[in-house]
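Each remark here refers to the structure printed beneath this line.
The values are calculated or read from the model by the stated rules, or taken from the named source; none is laboratory data. Note that the coordinates shown come from a computational prediction; the quantities given were computed from them, not determined experimentally. So basically every Cβ, Gly included, is an ideal-geometry build from the backbone, and we count neighbours across all protein chains shown. What goes into the accessible areas is simple: the full protein's heavy atoms, side chains included, and nothing from ligands, DNA or RNA. Shrake-Rupley method; radii C 1.70, N 1.55, O 1.52, S 1.80 Å.
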There are 2 protein chains.
Amino acid sequence: MITALEPLPPGAVRLEDGFWADLQRLNAEVVIGHCEEWMLRVGWIGNFDLAAAGEPFEHAGIEFVDSEVYKLLQAMAAEIGRTGDEVLEARFTALSERVAAAQEESGYLHTAFGRPWQRPRYSDLEWGHELYCFGHLFQTAAARVRSGRGGVLVDVARRLADHVHEEFGPEGRVAVCGHPEIELALVELYRAVGDVRYLDLARLFVARRGRGTLKPIEFGPAYFQDDVPVREAEVLRGHAVRALYLSAGAVDVAVEDDDDELLGAVRAQWERTLARRTYLTGGMGARHQDESFGDDFELPADRAYAETCAGIASVMLAHRLLLATGDPTYADTVERTLFNAVACSLRVDGRAFFYANTLHQRTAGQRPPEDRVNARAQAGLRSPWFEVSCCPTNLARTVAELAPLFASKTERCLHLHQFASLTVTTELAGSEVQVRMRTGYPDDGDVRLELPLGLPEHTSIALRVPSWARAEATLVVGGDEPVAPPAETLTIAGPLQPGAVAILQLPLLPRFVTADPRIDALRGQLAVEKGPLVLAVEDVDLPNGVTVNDIAVDPAGQLHDTGDGALVTVRMLPPSAQESWPYHRQPVRPIGLDQVTTHQVRYRPYHRWGNRGPTTMRVWTPGPPPQPSPLADEQQITSTST
Amino acid sequence: MITALEPLPPGAVRLEDGFWADLQRLNAEVVIGHCEEWMLRVGWIGNFDLAAAGEPFEHAGIEFVDSEVYKLLQAMAAEIGRTGDEVLEARFTALSERVAAAQEESGYLHTAFGRPWQRPRYSDLEWGHELYCFGHLFQTAAARVRSGRGGVLVDVARRLADHVHEEFGPEGRVAVCGHPEIELALVELYRAVGDVRYLDLARLFVARRGRGTLKPIEFGPAYFQDDVPVREAEVLRGHAVRALYLSAGAVDVAVEDDDDELLGAVRAQWERTLARRTYLTGGMGARHQDESFGDDFELPADRAYAETCAGIASVMLAHRLLLATGDPTYADTVERTLFNAVACSLRVDGRAFFYANTLHQRTAGQRPPEDRVNARAQAGLRSPWFEVSCCPTNLARTVAELAPLFASKTERCLHLHQFASLTVTTELAGSEVQVRMRTGYPDDGDVRLELPLGLPEHTSIALRVPSWARAEATLVVGGDEPVAPPAETLTIAGPLQPGAVAILQLPLLPRFVTADPRIDALRGQLAVEKGPLVLAVEDVDLPNGVTVNDIAVDPAGQLHDTGDGALVTVRMLPPSAQESWPYHRQPVRPIGLDQVTTHQVRYRPYHRWGNRGPTTMRVWTPGPPPQPSPLADEQQITSTST
């Protein structure tokens, strides 16, 4: 296996303060418990007890709720690894044993299939999600090994993986699961326990996809990427989470196999997907109907699905590509997506979630009831739990295991990919190195790096310079002259004495952004970004009675930095005088800019929207309304005979 | 019952030549037979035979396929009334008898419910569509009576309606059907056979809706308009076909009851729906996921659902409002919707249909297989039949009974609402009047009216002036001076001698149209209309290799009339040099208009798109790409402490 960057050992990075450390604390104190309580309440944990008991029972929830329990266990495992919390360890062990009790003699483990009163095993590969659930169990086992502990769940996972190898391996049936996930999970399990059969099986699953082994479904074979083999595809397509998990698994296989062709195929698909099928937030998957990408440049703000799980899956893929290639622009995407497409999901109290992450809420949603499950994308406000509730547990496991996204290394260089108050302790060329990073980022662009042990000769620390800072970032090491890029990376080179300090300054002023004109739905609109954050405006910050549908932004107006956002000059459009047919020979509402009221309006981080009650919200705001044009009076019409 | 306009007796209007007469011929010769063949093949007609046989059977198709058979029968009934085709009469009778054989002793008639091996009657009012199917049978019976014939189906319908009255009437259960339709159908049946209990029942169903009698579903109660009572609603919402059928039924009840409050409520909802939730084509229902209207101004061209059935339902509602109020602008909507949201569905050979009517096809669809059923909105090309196939039969019945949309009257005035080569024979103030209209409309704006019997004193003929012609239409009666509006109506007043002639001239030149700026998805784009037709561009009319995603239109350019469309000056945008992140601090692709190639491109009637093989298509074309603006260089950013 050759990758450009290697991950640091577990525990090497400790997030200590600021945005992500706070989120990890909230995850540990609230989110994990919230998920466990809900899954006890709705019976998804109870499914395992009933399955173990062996009597006919009514399975609670959709077919794949086992995976939610596994993702919760993965979050717990990562959290235990992070903090050594022995109370949580006891909860983890107890829950693991309930899961283990449901495993069958053959190794098979699923609460919704295979018992005499249930559908037979593997009878519905298109929708049954059996291998998908197994994959989440494998990831949990791998996380458990990474956290330095073992236990019953690792054994359960190995027995299950052996069963899958027998059923679907080289001698087994030529088939894949309707929902990719097991591919990346098998490689993770292989890396954790070393059984090469798991890697072989992952390779097989990746190679089999796209060859039409799945039966036709309403949404077509692209929905589960069974239309084109991974090596031959041009762009990510179909169900976004499926496409991204599959790609992550393909990168894992490519890296293990030194398969440049496979890696290159996924890289090219990723580039095209970013260029044509990604929201400003990094969110992926435009369509509600089948949670799919949709066509190139089909990116309507007001119907952005941008599922939280797709954001997480995108981070997983981008991080894998970063390690495989060393290209820091992948870390840009990780950062954009984490802040704007993943962190957005969670309510500030940690007890409710967005499943879909729209970029334009036209009408203020109602408060969803806190005491029952909700549909996925109805309300316009976060819900405590969903009928299909993949996002909350996915968020919990992702937040618990954030640290590896922040740093990696080569033999002689420590790469710092993200900015936060943290400490990295690792070894470069045989010497221990420690970096203490201190920053108020993303509200403050000053990043201070302390090297209590210094930095040996012929080693270095590489700092990513985010794309928006490329022209203006500066790095000062000790009393040296500032190093000013443009560069994708700024480097601190050894030798440096113990106690050495370096200061990175990133320009964190708000800026207007426009979209490629091929994105029809965003034509003539502007967004505001500040550092890595996409900003948004909510009607709770507008004068009484005005919604975000009634404003236009003046691109020539000033943008004032407010620390955590921006003040933007907007113009309130007068309400339409009457209800009339909305298509006209002349531009409608040709409002002189001097005729409308101007306000300074606060735009805040998008990821925090919807935390102050029902509200309208938009990321993209129209520019000035159209002025009367020659169209109205001088449109030339000629008649010719053709 | 007081309405502003009364419908003419069946047979009073005969469409003789041109667009609609051709469509009626195609409907009679191809579409009706196509629908019958498919429903024999997929077993939807066979369901009735199996139900009649009384043995357990596997029901073919979704729960409501009975209604497709009924709509086919309605099309046949109307066609028999139109032409007196006795061969079709024999087919109608044979099929009616197969339906009748499945009716149960109680009057109940549904092939998917109520037998010992099926779900119980009325056990799933939310999704079962039982009363919906009954409604379509009632409409068929009413059409049969209107066509001057009776037969078994009228008796079957009455027995069924009596059963429904018993089950759901004043003494029955307080419930409604998840899919409105029975409301308008009961009023039609009442008008046909005179039993006032049917009107009473319709009134009850309208009044009960919106009071939460239906159980919660994923899409919320607005989906089937059970969120707010009809009298209290502000705008049409939820599933578009459901909302429109319900409104049509409410107007029918309001008219029968002289209930101005109810009529006024629906009118106000309709105005707001046209102003905020309607595509340029007249199409309604933006969302694929639940076939619903969506939010105000959520009208993306590339995800326009605009179901054919919603277009038909909109015509039904608008025509009812026209008769109820006499306001000719309702006839404008009927015309726009018929040409652009209904006629669009049918392939030129009459053997394939659009279910959804998008306004922007970004990628050329594949030819759907002609020999099997297809999903509803996948292909980008018309399909011969669908798994849920409401649209083909709805189109067949609508086209067969088009004539009543063209004219109505008061005691002394004949109102001509639409333009086509036709003859109307009726009676005004006791005298027979005949109007022969001759026109090449909509390709030609000259409309010639001949009055072979003249026009008695104190009578008149009122001609609608379409909104787009209001400023420039002229009417010349005999050798008189032309009457030039602006007016919504131009009037030919009696007395006139036998053989009198009047000429109406409507300006039929192509014109650019822009959208209300609140429709974010259409900002900065232009459409081209010509007369009542929305035009569209397809890549088959562009230079080789160029798709409709690569063009911009110059609003200052000339529009050449081509007879059935327009030549439009467009600029081909060069393909993007590379795949890169599509959001930028500066406007991208700031192309000087002199730097790109200009072409004259043919825009053709939207309703004909997709008849020349797979193609991209758009109705709305972007204006010139953004020029470099002060934004790029002079954007001011200031930092303040707040």
Discussion item. Given the condition touching a Cys at 6+ places or on another chain (Cβ under 6 Å), among the hydroxyl-bearing types (Ser, Thr, Tyr), more than 20 Å from B:Ala304 (Cβ to Cβ) and crowded, with 24+ Cβ neighbours inside 10 Å, answer yes or no: does some residue in segment A:298-310 qualify?
Written reply: yes
Discussion item. Suppose the filter is open to solvent by less than 10 Å² (accessible area, probe 1.4 Å), more than 23 Å from B:Tyr355 (Cα to Cα) and not basic (Lys, Arg); does B:Gly264 pass it?
Written reply: no
Worksheet item: List, please: which pairs have Cβ atoms under 9 Å, are six or more places apart or on different chains, and start with a residue in segment A:551-571 that is within 7 Å of chain B (Cβ to nearest Cβ) and end with one that is small (Gly, Ala, Ser) and crowded, with 20+ Cβ neighbours inside 10 Å?
Response: A:Pro555/A:Gly623; A:Leu559/A:Ala566; A:His560/A:Ala566
Practice prompt. Could you list, in sequence order, all residues of segment B:493-516 that are hydrophobic (A, V, I, L, M, F, W, C) and farther than 30 Å from B:Gly282 by Cα?
Written response: B:Ala493, B:Leu496, B:Ala500, B:Val501, B:Ala502
Response to the item:
Taking segment B:455-477 and keeping only residues that are free of Cβ contacts under 8 Å to residues at least 40 places away in the same chain, under 26 Å from B:Ala429 (Cβ atoms) and open to solvent by 50 Å² or more (accessible area, probe 1.4 Å), one is left with B:Glu457
Worksheet item: Mind checking which residues of segment A:199-228 are within 14 Å of another protein chain (Cβ to nearest Cβ), assigned to a helix (DSSP H, G or I) and in contact with a strand residue (DSSP E or B) (Cβ under 9 Å, 6 or more places away or on another chain)?
Response: A:Ala222, A:Tyr223
Worksheet item: If you scan segment A:234-243, which residues turn out to be out of contact with any strand residue (DSSP E or B) (no Cβ under 7 Å at 6 or more places or on another chain) and either part of a helix (DSSP H, G or I) or more than 23 Å from A:Tyr305 (Cα to Cα) (or both)?
Response: A:Val241, A:Arg242, A:Ala243
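Return yes when B:Gln636 is more than 9 Å from every other protein chain (Cβ to nearest Cβ), open to solvent by 50 Å² or more (accessible area, probe 1.4 Å) and at pLDDT below 85 and no when it is not. Walk me through how you get there before you give the answer.
Working: more than 9 Å from every other protein chain (Cβ to nearest Cβ): no; open to solvent by 50 Å² or more (accessible area, probe 1.4 Å): yes; at pLDDT below 85: yes.
Judged against the criteria, B:Gln636 is not a match.
Quick one: count up the residues across segment A:303-332 that are over 12 Å from the mean Cα position of the chain (by Cα), outside any helix (DSSP H, G or I) and not aliphatic (A, V, I, L, M). Let's see the steps before the verdict.
If we filter segment A:303-332 for residues that are over 12 Å from the mean Cα position of the chain (by Cα), which is where we start, we get A:303-305, A:320-332.
Now narrow it down to the ones that are outside any helix (DSSP H, G or I): A:304-305, A:326-328.
Remaining after also requiring not aliphatic (A, V, I, L, M): A:305, A:326-328.
The total comes to 4.
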Practice prompt. For segment A:311-330, enumerate the residues that are open to solvent by less than 10 Å² (accessible area, probe 1.4 Å) and within 14 Å of another protein chain (Cβ to nearest Cβ).
Written response: A:Ser314, A:Ala318, A:Tyr330
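For (1) within 30 Å of the chain's Cα centre (by Cα); (2) surrounded by fewer than 17 Cβ atoms within 10 Å (Cβ to Cβ); (3) assigned to a loop (DSSP other than H, G, I, E, B); (4) modelled with pLDDT under 80, each residue gets a yes or a no:
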{"position": "B:Val534", "(1), (2), (3), (4)": "yes, no, no, no"}
{"position": "B:Val546", "(1), (2), (3), (4)": "no, no, yes, no"}
{"position": "B:Ala556", "(1), (2), (3), (4)": "no, yes, yes, yes"}
{"position": "B:His560", "(1), (2), (3), (4)": "yes, no, no, no"}
{"position": "B:Leu567", "(1), (2), (3), (4)": "yes, no, no, no"}
{"position": "B:Ser576", "(1), (2), (3), (4)": "no, yes, yes, yes"}
{"position": "B:Val588", "(1), (2), (3), (4)": "no, no, yes, yes"}
{"position": "B:Ile591", "(1), (2), (3), (4)": "no, no, yes, yes"}
{"position": "B:Arg602", "(1), (2), (3), (4)": "yes, no, no, no"}
Worksheet item: Can you tell me how many residues in segment B:486-519 are facing chain A (nearest Cβ under 9 Å) and free of Cβ contacts under 8 Å to residues at least 24 places away in the same chain?
Response: 2
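Given the residues A:Glu55, A:Glu79, which is the only one that is closer than 25 Å to A:Val399 by Cβ and of a type in the set (Asp, Glu)? Break it down stepwise before answering.
Working: A:Glu55 fails: closer than 25 Å to A:Val399 by Cβ.
Sole residue among the options that is closer than 25 Å to A:Val399 by Cβ and of a type in the set (Asp, Glu): A:Glu79.
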Worksheet item: Quick one: what pairs do we get from segment B:290-308, first residue more than 10 Å from every other protein chain (Cβ to nearest Cβ), second of a type in the set (S, T, N, Q), C-beta under 7 Å, 6+ apart or different chains?
Response: B:Ala304/B:Asn357; B:Ala304/B:Thr358; B:Ala306/B:Thr281; B:Ala306/B:Asn357; B:Thr308/B:Ser345; B:Thr308/B:Asn357; B:Thr308/B:Asn394
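Conditions (1) surrounded by 19 or more Cβ atoms within 10 Å (Cβ to Cβ); (2) more than 26 Å from the chain's Cα centre (by Cα), marked per residue:
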position: B:Ala112; (1), (2): yes, yes
position: B:Pro116; (1), (2): no, yes
position: B:Trp127; (1), (2): no, no
position: B:Leu131; (1), (2): yes, no
position: B:Thr140; (1), (2): yes, no
position: B:Gly151; (1), (2): no, yes
position: B:Arg158; (1), (2): no, yes
position: B:Gly169; (1), (2): no, yes
position: B:Arg173; (1), (2): no, yes
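Which of the residues spanning segment B:27-53 are without any contact (Cβ under 8 Å) to a residue 12 or more places away in the chain and open to solvent by 40 Å² or more (accessible area, probe 1.4 Å)? Full working, then the answer.
Just the residues of segment B:27-53 that are without any contact (Cβ under 8 Å) to a residue 12 or more places away in the chain, to begin with: B:33, B:37, B:40-41, B:53.
Answer for segment B:27-53, where residues must be without any contact (Cβ under 8 Å) to a residue 12 or more places away in the chain and open to solvent by 40 Å² or more (accessible area, probe 1.4 Å): B:Glu37, B:Leu40, B:Arg41, B:Ala53.
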Worksheet entry | Criterion: within 19 Å of the chain's Cα centre (by Cα) and charged (D, E, K, R) - qualifying residue of A:Arg372, A:Arg362, A:Arg367, A:Arg336 | A:Arg336
Worksheet item: open to solvent by 20 Å² or more (accessible area, probe 1.4 Å), out of contact with any Phe, Trp or Tyr (no Cβ under 6 Å at 6 or more places or on another chain) and closer than 12 Å to B:Leu395 by Cβ: does that describe B:Arg347?
Response: yes
Item to complete: Go through segment B:122-154 and give me each residue that's modelled with pLDDT of 95 or more and on the phi > 0 side of the Ramachandran plot.
Response: B:Tyr122, B:His129
